[in-house]
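Structure, as structure tokens:
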Amino acid sequence: MDYDTFLDTVTRRAPVPPEKAEPLTRATLETLAERLTRGEAADLASELPKELKEPMVSPTPEAESFGLDEFIDRVSRRANVSPDEAREGVRAELSTLRDAVSEGEFRQVMSQLPRDFEALVGAPRQ
């Protein structure tokens with residue numbers, strides 16, 4: 001999936017204006033990079049369009065431990081959107097990632113996240 005298709009898909013799936021799709025996408029990926037181990041963030045980045053690789057640079061080798069509410073709060077602050085818009089953006093972003101990367105890679109990402117992320121995106125662990 002190329003960059004424009006990725007953003008278009010996020011825009012369609014999140015009830016936010018198109019101009020918010022890119023900030024939400026970047027904020028979600030930056031926050032995801034903090035939540036994943038550096039190796040997993042790099043693996044995910046390898047399957048993304050080049051424009052989305054930079055936000056996936058993990059700041060630390062170890063994953064930070066925080067739940068969905070903190071994740072949404074960080075995305076909300078980074079993208080300068082309401083918590084409700086951030087929640088919808090994260091949901092849209094994760095469902096788009098599910099379509100954009102290999103099934104195995106998406107499963108690896110989800111395995112590092114708390115179960116409430118699965119409910120948000122509708123992706124049960126396998």
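The values are calculated or read from the model by the stated rules, or taken from the named source; none is laboratory data. This structure is a prediction, so every number in the text was calculated from the model and none was measured. So basically every Cβ, Gly included, is an ideal-geometry build from the backbone, and we count neighbours across all protein chains shown. Note: accessible area is taken over every heavy atom of the protein model, side chains too, but ligands, DNA and RNA are not part of it. Shrake-Rupley method; radii C 1.70, N 1.55, O 1.52, S 1.80 Å.
Note down the magnitude of the dipole of the chain about its Cα centre, charges +1 on Lys and Arg C-beta and -1 on Asp and Glu C-beta and zero elsewhere, to the nearest 20 debye.
Details: 17 positive and 26 negative charges, 31 e Å.
Computed about the Cα centre, the dipole is about 140 debye.
The relative contact order of segment 17-103 comes to 36 percent, based on Cα pairs under 8 Å that sit 6 or more residues apart.
Out of the total accessible area of the chain (probe 1.4 Å, heavy atoms of protein only), what percent is carbon and sulfur? All intermediate terms of the calculation are to be shown ahead of the outcome.
Numbers: 2890 of 6070 Å².
Answer for the chain: carbon and sulfur cover 48 percent of the accessible area.
Remark on segment 73-126: Rg and Dmax equal 11.6, 34 Å (Cα only). Each of A41, M110, S76 was scored by the projection of its Cα onto the charge dipole of segment 4-126, and the greatest displacement toward the positive side belongs to M110; charges sit on the C-beta of Lys, Arg, Asp and Glu.
Averaged per residue, the chain has 48 square angstrom of accessible surface, using a 1.4 angstrom probe with ligands and nucleic acids left out.
By the compact-protein rule of thumb, 2.2 N^0.38 Å, the alpha-carbon radius of gyration of the chain corresponds to a ratio of 0.93.
Along its three principal directions, the equivalent ellipsoid of segment 1-50 from the Cα gyration tensor extends over semi-axes of 21, 13, 7 Å, largest first. Which GluC sites (Glu not before Pro) in segment 4-83 pass both tests, a DSSP loop state and at most 10 other beta-carbon atoms within 10 Å? Listed in order of number, the matching sites are E62. Measure out, as a whole number of angstrom, how far apart the alpha-carbon centroids of segment 30-70 and segment 72-126 sit. What the calculation gives is 12 Å, centre to centre.
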